[in-house]
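Comments concern the structure below.
The values are calculated or read from the model by the stated rules, or taken from the named source; none is laboratory data. Quick caveat: nothing in here was measured; it's all calculated off a predicted structure. FYI the Cβ positions are ideal-geometry reconstructions off the backbone, even for glycines, and counts take in every protein chain you see. With ligands, DNA and RNA removed, areas are computed over all heavy atoms of the protein, side chains included. Shrake-Rupley method; radii C 1.70, N 1.55, O 1.52, S 1.80 Å.
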Amino acid sequence: MKIAFVGKGGSGKTTLSSLFIRHLATTGAPVVAVDADINQHLGAALGLDEAEAEALPALGERLPLIKDYLRGANPRIASAETMIKTTPPGEGSRLLRVRETNPVYDACARPVELDGGAVRLMVTGPFTDADLGVACYHSKTGAVELCLNHLVDGRDEYVVVDMTAGSDSFASGMFTRFDITFLVAEPTRKGVSVYRQYKEYARDFGVVLKVVGNKVQGQDDLDFLRAEVGDDLLVTVGHSDWVRAMEKGRPPRFELLEDVNRRALRQLQTAVDATYELRDWEQYTRQMVHFHLKNARSWGNERTGADLAAQVDPGFVLSEGVAVNA
């Protein structure tokens with residue numbers, strides 16, 4: 001199951017995504033955690049110190065390796081250099097599984113030990129001074145989108161992505177790559193403004209969107225969120241001494257997280273698991289192709305010097321039953 005956490009900057013989406021990752025780890029489920037935010041804080045939220053977080057391999061810096069592996073023996077892709085962030089898989093492509101070992105995970109993922117077990121953590125890498133004026137952050141998150149396009153995940157397998165803040169994720173088709181999207185919103189006008197944007201943009205793509213109210217302090221806050229987002233409000237989270245200790249770098253054992261917040265995390269998992277029955281792999285593949293053709297016309301053909309529409313395999317549908325490798 002693929003899960004995105006989105007929200008405005010400072011809403012608490014990284015904190016909540018890290019809590020959800022910790023919760024999933026306690027169930028023994030396999031988890032791949034991905035930090036796709038321009039501000040790379042997920043590693044620290046999962047307990048890594050500054051040196052450990054800085055040492056994590058950046059997906060964006062290993063894009064040639066990722067492309068070369070995923071291309072496999074797909075005859076429609078002439079070379080790894082002609083692959084772009086939206087290139088879809090086809091017959092002969094190599095696919096990624098959550099539970100497996102492969103060269104992409106070997107190069108880009110690192111295990112993070114948590115109270116309940118271990119998760120794989122992947123990061124896009126920070127936006128550096130060298131990138132200013134010459135690069136777009138989406139060139140880094142493109143590696144995440146390419147991996148999601150080639151990912152086959154099943155029931156009780158989880159890929160949790162901490163997305164970049166605001167509505168910036170709509171600069172690519174990555175917002176359609178998830179089974180469910182949790183939008184973290186504070187009980188303020190600014191807090192729900194991103195929700196309205198996301199709801200409007202995602203309306204035509206069948207995105208399952210649920211709101212997680214954060215920093216809710218009382219009935220007035222709860223009433224405000226209910227009035228603003230209606231039935232999309234799934235659960236609310238209030239003050240947490242556990243989180244405050246974690247943010248100081250001294251997290252207690254996860255089992256000591258407040259009961260009310262543990263119940264909220266279980267509600268999130270229940271919502272995630274319920275979307276499994278809604279999966280439509282044909283629609284998922286169509287959307288993948290839609291954004292690939294859009295990007296090809298907009299900039300990809302010119303940049304690569306190739307007709308990227310020819311990369312689309314019209315008979316291929318990504319699904320759990322498709323072969324992993326050529």
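Consider all pairwise Cα distances in segment 201-295 and report the whole-number % of them above 15 Å. Don't skip to the answer; put the middle values down first.
Details: 3235 of 4465 pairs.
In whole percent, the share of Cα-Cα pairs in segment 201-295 beyond 15 Å is 72.
Looking at segment 1-160 alone, DSSP beta bridges between its own residues are antiparallel in about 30 percent of cases. With both labels modelled 7 Å from their Cα along Cα-to-Cβ, the residue 106 to residue 156 distance reads 2.9 nm.
How large is the accessible surface per residue of segment 205-249, computed with a 1.4 Å probe and reported in Å² as a whole number?
Working: 2420 Å² over 45 residues.
With all protein chains present, segment 205-249 gives 54 Å² per residue.
Could you work out what % of the accessible surface of the chain is carbon and sulfur, using a 1.4 angstrom probe and leaving DNA, RNA and ligands out of the count?
On the way: 6970 of 14510 Å².
So the carbon and sulfur contribution to the accessible surface is 48 percent.
Which of the residue pairs 85/248; 67/210; 210/294; 67/199; 199/248; 8/85 have a Cα-Cα distance greater than 29 Å in the structure shown? Write out the running numbers ahead of the final one.
Details: 85/248 37 Å; 67/210 33 Å; 210/294 27 Å; 67/199 32 Å; 199/248 34 Å; 8/85 24 Å.
Checking Cα-Cα distances, 85/248; 67/210; 67/199; 199/248 exceed 29 Å.
A Förster radius of 51 Å combined with the Cβ-Cβ distance from residue 320 to residue 220 puts the calculated FRET efficiency at roughly 0.65. Among the aspartates and glutamates, which fall within straight-line cross-link reach of residue 215, defined as a Cα-Cα distance under 20 Å, with same-chain neighbours fewer than 8 residues apart omitted? By straight Cα distance, residue 215 reaches 162, 186, 223, 228, 231, 232, 241, 247, 258, 259.
Based on the Cβ-Cβ distance of residue 256 and residue 27, what FRET efficiency does E = 1/(1 + (r/R0)^6) give at R0 = 22 Å, to the nearest 0.05?
On the way: r = 17 Å, r/R0 = 0.79.
For residue 256 and residue 27, the calculated efficiency is 0.80.
Its residues counted as N, the chain yields a C-alpha radius of gyration over 2.2 N^0.38 Å of 0.97.
Subtracting the Cα-Cα distance from 0.36 nm times the residue separation, let me have the gained length for residue 247 to residue 277 in nm, one decimal. Mind dumping the intermediate values first?
Details: separation 30, 0.36 × 30 = 10.80 nm, distance 3.64 nm.
Here the segment from residue 247 to residue 277 would lengthen by 7.2 nm.
Taking amide H as placed 1.01 Å from N in the peptide plane, the amide H of residue 214 sits under 5 Å from that of 185, 186, 237, each at least 5 places away or on another chain. Quick one: angle between helix 219-229 and the longest Cα principal axis of the chain, in degrees between 0 and 90, rounded to 10, please. So the helix axis and the longest Cα principal axis differ by about 30 degrees. For residue 239 and residue 270, the FRET efficiency from 1/(1 + (r/R0)^6), where r spans their Cβ atoms and R0 equals 22 Å, is about 0.40.
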